[in-house]
Every structure is written in C-alpha cells, then in structure tokens.
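The values are calculated or read from the model by the stated rules, or taken from the named source; none is laboratory data. Computed from a predicted structure; not experimentally measured. All Cβ positions, even for glycine, are placed from backbone atoms using ideal geometry, and neighbour counts span all protein chains on display. The accessibility values were calculated without ligands, DNA or RNA, using every heavy atom of the protein model including side chains. Shrake-Rupley method; radii C 1.70, N 1.55, O 1.52, S 1.80 Å.
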Amino acid sequence: MGLKLYGLPVSTCTGRVVAVIEELGLEYELVPVDLSAGEHKRPAFMERNPFGQIPALKDGDLVLFGE
Ligand SMILES: N[C@@H](CCC(=O)N[C@@H](CS)C(=O)NCC(=O)O)C(=O)O
C-alpha cells in the first residue's frame, strides 16, 4: 500500500506533484490516466478526484486532489 499518483508524465499539474515527491525522496507509483479516452471523467477516477482532473494522490485511505 504505497503512494500512488494518478496522472500523466506530460501533464504539468502532475509534474508539480512529481517534483515534490522526488524532492522528498519518497517511493511512489505513477498510475497513468488516459485523458484522450475520458478516463478522468469516469466514476472510478471521479472517486479519487470529484473535479475529474489529474492528478490525484493516494496514500492509504487518504486521497488528495486540487480543484
Ligand atoms: N488545480 C488543479 C488543476 C488540475 C488540472 O487542470 N489538470 C488538467 C491537466 S494539467 C486536467 O485534468 N485537464 C483535463 C480536464 O480538465 O478535463 C491542480 O493543480 O491539480
């Protein structure tokens, strides 16, 4: 149950979070979200971020997202 970052490497919004995680030296898994297929607007992702945008960061039961 490690840190999971849902987003895309090409996304600057995801990149900001990656920069902080890397700076802190934390281990994490980057879980790709297929924006072109509308994955970020589907219920499974909207449970992680109700605004339907990447990124979302999951640490155990805690999920963080921006608006
Ligand atoms: N305030 C949010 C903004 C997130 C955001 O704008 N994400 C963009 C990608 S960089 C996105 O998901 N765009 C797709 C959409 O809005 O449908 C944050 O900084 O995390």
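Things to note:
- Length released on extending from PHE51 to ALA19, taking residue separation times 0.36 nm less the Cα-Cα span: 9.3 nm
- Mean separation of Cα contacts under 8 Å, 6 or more apart, over the residue count of the chain: relative contact order %: 40
- Using only side-chain charges placed at the Cβ, +1 for Lys and Arg and -1 for Asp and Glu, the dipole size of segment 3-65 relative to its Cα centre rounds to 280 debye.
- Estimated FRET transfer efficiency (LEU26, GLU67; beta-carbon r; R0 30 Å; 0.05): 0.80
- For the chain, radius of gyration divided by Kirkwood radius, i.e. Rg to Rh on alpha-carbons: 0.94
- Where segment 11-66 is the region considered: accessible area per residue in Å², 1.4 Å probe: 68
- Percent antiparallel among DSSP beta bridges (both partners in segment 1-64, rounded to 5): 60
- Residue by residue, segment 11-16 carries 3J(HN,Hα) couplings of 7, 5, 5, 5, x, 4 Hz when phi is fed to the Karplus relation 6.51 cos²θ - 1.76 cosθ + 1.60 (θ = phi - 60°); x denotes Gly or Pro.
- With contributions of -39500 (n - 2.57) from each DSSP H run of at least four residues, the per-residue ellipticity at 222 nm computed over the chain stands at -7000 deg cm²/dmol.
- FRET efficiency for the ASP34 to ASP59 pair, using the beta carbon distance and R₀ = 22 Å, is estimated at 0.45.
- Carbon + sulfur, % of accessible area of the chain - ligands and nucleic acids excluded, 1.4 Å: 57
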